[in-house]
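Beneath this line is the structure, given in structure tokens, with notes to follow.
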Amino acid sequence: MNSRSQASPLRVLGAAALIAGLAAGCGTTPPAHSPPAPAPGPSAPPGSPTLDWAAVERSLGTPLDTGEGAERSTDFPRTDLHVNTRGVQLQPGMEIGAEVHFLPTGGNNALLIGEMTVTDREQPRVIDALQRGGLEITAVHKHMYAQTPDLWWVHFDGYNDAAAEAAAVHNALAATAMPPKPPPGAEEPLRGLDTAALDRIIGASGRAEDGAYQYHVPVTTPITDTRAQVQLPYPMEASTLLLFQPLGNNQAAINGDFALTADQLNPVMSALREHGIHIVTVHNHMIHEQPRLFYVHYWATGDAPTLARALRAALDRTR
């Protein structure tokens, strides 16, 4: 999916800061190698000395990657699926897989936020397994235009014992044909895509992951989970995701989502449409965040630098 190893949760990316103009804006800004200092307000504890991370990993069945803050995460790319949308064979790095993030909240408890890409057949089994394990379903929807096989994205959260939450995720994964997470290895270089040119246009350093080139742009408005009373780190749904899949000859397919507050929503959609980017869907991913975030999923194919300039223009509308 969009993962890394501190590096491996779907929404974690070490990138250079974007140009100062956007960084000074009041909307969405890109990550730096060191994320911006959190704004005042509720925030995650620096770590829970009593949280048994080994027990969480045993329940989940895979190691977790340490994030830049207190969170730990992992992802599962869906290498078992051959997904085609609008004539493009999609790589797992185009948001096809699963991800989970755990943020300690005291004792052995953690805030869990995650999502899974599932097929029609898998979807009801996954929802049942998550709910049997005490997790909340926060959204079920599409992220892309019609694709084969038909896919759904299931979002979920949890607020209790972290090992029990991990067990629920493990059981939900077992209800799919999703393969185990592969061992860490060198990422294959992306061919036919001038990533240095994209970095100059976006104003940040992207990262190759599972066949796509990815940027993660944190929102600058502090996002609080009102049930856990913690500030969400940017990998936990508090960032915009820009994905480029190379198609050869510096052509690309782009996909991802803009994470936006209500006042940013229509200006960003207008910028996307002004530059010929298709808006696929607009929806929420969470149910306890404040302020509310709206996720604008988009799609286009064409000249990669031209597409990057379109996304850059949309980012500028978040000021």
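The values are calculated or read from the model by the stated rules, or taken from the named source; none is laboratory data. Just so it is clear, the structure is predicted and the values come from calculations on it, not from any experiment. So basically every Cβ, Gly included, is an ideal-geometry build from the backbone, and we count neighbours across all protein chains shown. For the accessible areas, the whole protein counts, side chains as well, though only heavy atoms, and no ligand, DNA or RNA atoms are used. Shrake-Rupley method; radii C 1.70, N 1.55, O 1.52, S 1.80 Å.
Efficiency by 1/(1 + (r/R0)^6): what FRET value for residue 306 and residue 263, r their Cβ-Cβ distance, R0 = 30 Å, to the nearest 0.05? In this case the efficiency is close to 0.60. Placing dummy labels 7 Å off each Cα toward the beta-carbon, the span from residue 55 to residue 150 is 4.2 nm.
Take residue 303: with every protein chain present and a 1.4 Å probe, its accessible area is about 60 Å². Share of Cα-Cα pairs in the range 188-234 beyond 18 Å, in percent? The share of Cα pairs beyond 18 Å in the range 188-234 comes to 49 percent. Taking every protein chain into account, the accessible area of the range 135-230 amounts to 41 square angstrom per residue (probe 1.4 Å). Relative to the current alpha-carbon distance between residue 188 and residue 89, full extension at 0.36 nm per residue lengthens the span by 33.9 nm. Residue 227 contributes about 120 Å² of solvent-accessible surface, heavy atoms of the protein only, 1.4 Å probe.
Share of pairwise Cα-Cα distances greater than 15 Å in the range 214-319 is 60 percent (whole percent).
Stretched out straight at 0.36 nm per residue, the stretch from residue 200 to residue 313 would grow longer than its current Cα-Cα span by 39.3 nm.
Ordered from highest to lowest accessible area with the whole protein assembly present and a 1.4 Å probe, 199, 120, 225 read as 120, 199, 225. Only protein heavy atoms count here; under a 1.4 Å probe, residue 170 has an accessible surface of about 80 Å².
Taking the accessible area of the range 213-279, probe 1.4 Å, and keeping the other protein chains in place, the carbon and sulfur fraction comes to 46%.
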